[in-house]
Structures are given as structure tokens and as C-alpha cells.
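Heads up: the structure comes next, in C-alpha cells.
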Amino acid sequence: MKEDSRQLEFMEIDLSEEPITAAVPVPDRSTIVRADFDIRLPGGILSSEKRFVEEARQLIEVKGEQVPWVPFMSYWPTYGVMNEPQRKWYMYWRTEVRQGRFPDTDLSYLFVHIYELINGIGWQEPQEGYDQLKQLWMNYRERLPQLDVYMQEWIIDYGLVHELNMSLSEMVELSSGYLPPEILDMELQRLLNNDISDISLKLLQRYYDYDITLSKFYRDGGKQVLEQYIPRVMALVDSYLLRTRKAGILDQFQLNHERTMERTLFRKAVYDDSTYGKSVRMTYVPIGEHADFVQFVTRVFRCTENKCRELLGFRGRLRGKTLEPELANVIERYLDKAFAFEQMRVVEQPIVRINAEKLASLQQESEYVRRALMIEDEHVPEDGAANHATDVSSRCDGLETFVEIEQDTGSRDPLVFQNSVDEAEGVDDKHSNQLEIDAEKTINSDRGQRSGDSESLTLQWEAAFSADLDEEWLEFSEMLSPQHVQAIHVLLGASPDMGLMRVAEQYGTMPALLLDEINDIAMETIGDLLFEGDRLVSEYMNVFEHVKR
């Protein structure tokens, strides 16, 4: 009886009849296309990626008129999943973007346009497509932060595919350093070989053995200081090693064992791999896996941060293995000079400004006086001679040149310089004309220096000394501009302050900026600062004594 009940219970489910289902056909995604576009695809079965590319080619010239915005969110956005209002908005939005306007829109609309560009649709030259991708990223990354995750990879893929001379350092900065390790290694190797001073703190973060962002000094204002000085210190160390050991950082650790890999292109994008292939081959040196290099960079960073903490009065020091004393002394000595120089620049000097209106008035009245003094005596009535002399003297005494000095408070106090003249009867016409000639010569001389004469000005050394001059000093000389050479010449002369001011005025700059530029060139070539304040460092005086003047 118990078994019968089980059997009856089992037989209550009747499977003799087929279940009735709703006859709802699943439409093909390719059929969800607006008829107005008149898209006709070739016969045969196409993948969704190939179908997208074919549709994109037919829609490449379509322009849209202004329509209301319609939301659009899709995990796999293509034309086929848009409804008619969405397609109208997309065509209008893409038209705006191509004309340099970037209205608010949804992320899925951006992806459709990005897919067009990475598949070669919408540009004639690869650089044009790269620029469009970058503009989209720059103009929408703040409004749509999710874009960063995809664009930092896709733009790199695009540059590798088309072999563009793109700046990976720029990508590092835009992505806050979160790029694939092989990309970071490629860029670091390039900078170590070519221009180490362009290394950024974000790029080097991968090569420290601890997270610098957790440092209290880094969070409390030290980030800006380290971003400024770490690249300079790395350039200094590399230059010092080259000069003393004949091997820079890259050669010091023999970072030359290359590795080759296949990088898959445009992951998670609607991309037809028959266009540029499924992957691209990359060759790089896995610098980040070199333990000795990582330890060296960490110690350089630790030495730099500890010195910056000391100079800024920040309590506490980083612990761990320290840098060898020789290199540590070089870094600390440089930072002492650099901080001292920066402190001098912070103290703003008064800015001298000439009041143009007063100067024009002065020139006009000076011309009147000059003409009055040239009038021959016989044209002046005897009884009016005294009055005439008095009038001329009065005009001369009234001439004023106003020079405004802008103080830190922003107030301007005019300083008045009185032009005293001799009595009108004693002024010689010949002397007046000679002043005009001398002034004209001065003007022409200045014009000549500003034109081709200054362009050929270079820093030259005495012949006997030049033969023994190190290569970095020759490179330093070649990189100097004419204004830098003139500044060095006047600083070696009898009146350095006045001479430096004249050079700065001639080139429309300031003395401190001129010296700062020379120091920057010296850091790139010699690996040290040449000027402290407005004076040449004493230890280099024996070198500059042999400059031709």
C-alpha cells in the first residue's frame, strides 16, 4: 500500500503532452537598424564585429541635426542595439564632436564612436585618429571616469598598431602610472637611454619596494616637492655615474636582456581583428623584475626624501638600507644648493615698470625744447631774450620721467627723476645733435644684437684649455642660447649686476630667470648647479676663467 501511494504520487505529473510556449521570435540584432540609413550589407554570415565595421563604413559621412538627448546604456553598444531616437542623437552628437564641440552624453555613445576610430573609420591618417581618440578622452574623462579604464589601454594599442611616435610618458601621467608593467618598462628604458630628466615620480612609483603614497610626508605636501626633485636627482645620479664610472644607471645594472611578448589588441572593444590583427609583438627589458635596480632606485628615493624632510623641517626619517656615502653626498649637496636657490627666488624683487604715458609726454616736450634751443639768437628780440630763457628753463625743469615700482602689496609709488639742464644760452647745437646721433647708434646696436648678430653668439673657450675640456662642458656650451652666453660674459666682468640687468632687459626677461635657465642646462649636461643666487659657484671659477670674452 505504501508503494502504491508512492507510485500514484509520481504519476500525478503528466508528461504526455508537450508544454505550450509563447511563440515570440528572437529578432536578429542586425535587423534593428533604421531604414533611413539604407544600410545594405554583403551576403554571407558576418560576425558582430565585422557587421559593425561594414555599417560604420556606410554611415561614415552621415551628419545629424540637433535633436533631444536620449539615454543609451548597453554592455555591447553598436548601431544595431540603438532605437531610432538614439541613432538620431548619436549622429547629431558625433557631428558636434567632429567639429570640436563635446556635449554631455552617455558612455555607450562614446564607445560606439571609439569603436569606429580603432577600426579605421573616420580618419585618413593614423595620427588624425590618434588625436580624435585623445580628444574624446581628455574632454570626457572628468564627466565619465569609467572611460579611463578602457582608453589608457586602447590608445596604447592604437599607437603600437600604427607605429606612432606617441608619448608613453603622457599616458603614464594621464593614467596615474597604472599601466601594464611591460609598457612602463618600455618607457623607462627609453628615458634611461635618451632623456632621463623626463622621468616622472608616477613612472618611478612601480620601481620602489614600498608604497610612497602611504608616507605622511608625501600626503602632507611632500608630493609636490618630490615630483619636482626626484627627476632632477635621477638625472644628477646618472650624470655622476657616467662621469666617474663611465657607465650610467642603465649600464650599471646591465639592463639589456630583452623579452618579446604578444599583446592582444583592443580588449573588450568591438574590434574586427581582420583589420590590424589580433595582437602586436612587443620587445622590452623587464626592468621591474631586476631586484638590484629596484633596490638602487628605492635608496635614491629614500635619500632624496630624507634630505627634503630635513630641509623642510619635517620630523621623522625613512629607515632602511642607505645609499653609498659617495652618491648620498652628491644628492644632499645638490638639494642644499637647489633649496637655497629656490628660497632666494621666493623673495620677490620690485618690478620696474615705465609709465608709457609720461614717457610719451616727456619725449614730446623734449623735442619742443630741443627745437627751441636751436633757434638762432637773431630771431629772438633783445627785450624778450630773458623771458625766452626763463621759459625754456622752466620747461626743462618741469620734465619728469616716472618709473613705477610695484611692491609686494600691489601699490605703486612713482619715483620722480628731475632732468636738470644748463642755461638755455649755454647749450650747444652741436652737442644736441651729437646726443641724437649717439642715441640712434645705441638703438641700432640693440636691434643688431636682437637679430642675426646674437644668433651666432656661442660660448667659446681658450684654445689650449678647450683641448682638455670634458665632453659634458662642450655639450653645455652648445646648448646655451645667445642670452645665456651674454649673461655669463657680464657675470665674469667688472659690473655683473648692472650687466645682467641690461641683458635681461634686452631679451625681455628677468635676471633670475636667465640664471635659472643656465642652471637647468647645467643639470642636464654637467650634473650640477653653476649659480647660487646671482653668483657663479666658486668651485667652477677655474673653469670659467678660460672663457673667451
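Worth a mention:
- Cα-centred dipole magnitude for the stretch 458-544, charges only on beta-carbon of K, R (+1) and D, E (-1), debye, nearest 20: 480 debye
- The stretch 219-312: trypsin sites (Lys or Arg not before Pro) falling in loop per DSSP and having at most 10 other Cβ within 10 Å: K246
- In this calculation the C-beta distance from E517 to T213 is compared with R0 = 25 Å, giving a FRET efficiency of 0.15.
- Averaging the Cα positions of each part gives two centres, and for the stretch 462-504 and the stretch 237-287 these lie 40 Å apart.
- Hz values of 3J(HN,Hα) by residue in the stretch 326-336 - Karplus curve (6.51, -1.76, 1.60), Gly and Pro given as x: 4, 5, 4, 5, 4, 5, 5, 5, 5, 5, 4
- By the count of other C-beta atoms within 10 Å, a proxy for reagent exposure, V300, V537, V490 are ordered fewest to most as V537, V490, V300.
- Extended-chain gain in nm, criterion 0.36 nm per residue less alpha-carbon gap, E84 and E462: 128.1 nm
- For W137, the shell of other residues with beta-carbons less than 14 Å away shows a net charge of -4, using +1 for Lys and Arg and -1 for Asp and Glu.
- FRET efficiency estimate (nearest 0.05) - Cβ-Cβ, N165 to D470, R0 22 angstrom: 0.10
- Principal axis box of the stretch 458-544, alpha-carbon based, largest edge first, Å: 35, 25, 23
- Restricting the GluC sites (Glu not before Pro) of the stretch 209-283 to loop positions (DSSP other than H, G, I, E, B) with no more than 12 neighbouring Cβ atoms within 10 Å leaves E258.
- Cα gyration tensor shape for the stretch 132-262, rounded if a/c is under 1.5, else prolate or oblate: oblate
- For the pair R502 and V543, a Förster radius of 25 Å applied to the C-beta separation gives a FRET efficiency near 0.55, rounded to the nearest 0.05.
- Shape call, the stretch 185-317: gyration tensor on alpha carbons, a/c limit 1.5: oblate
- The stretch 73-105: trypsin sites (Lys or Arg not before Pro) falling in loop per DSSP and having at most 10 other Cβ within 10 Å: R101
Each reported figure results from applying straightforward, stated rules to the coordinates on display, with no laboratory input. These numbers come from a predicted model, not from an experiment. Using ideal geometry, Cβ is built from the backbone for each residue, glycine included, and neighbour counts are taken over all protein chains shown.
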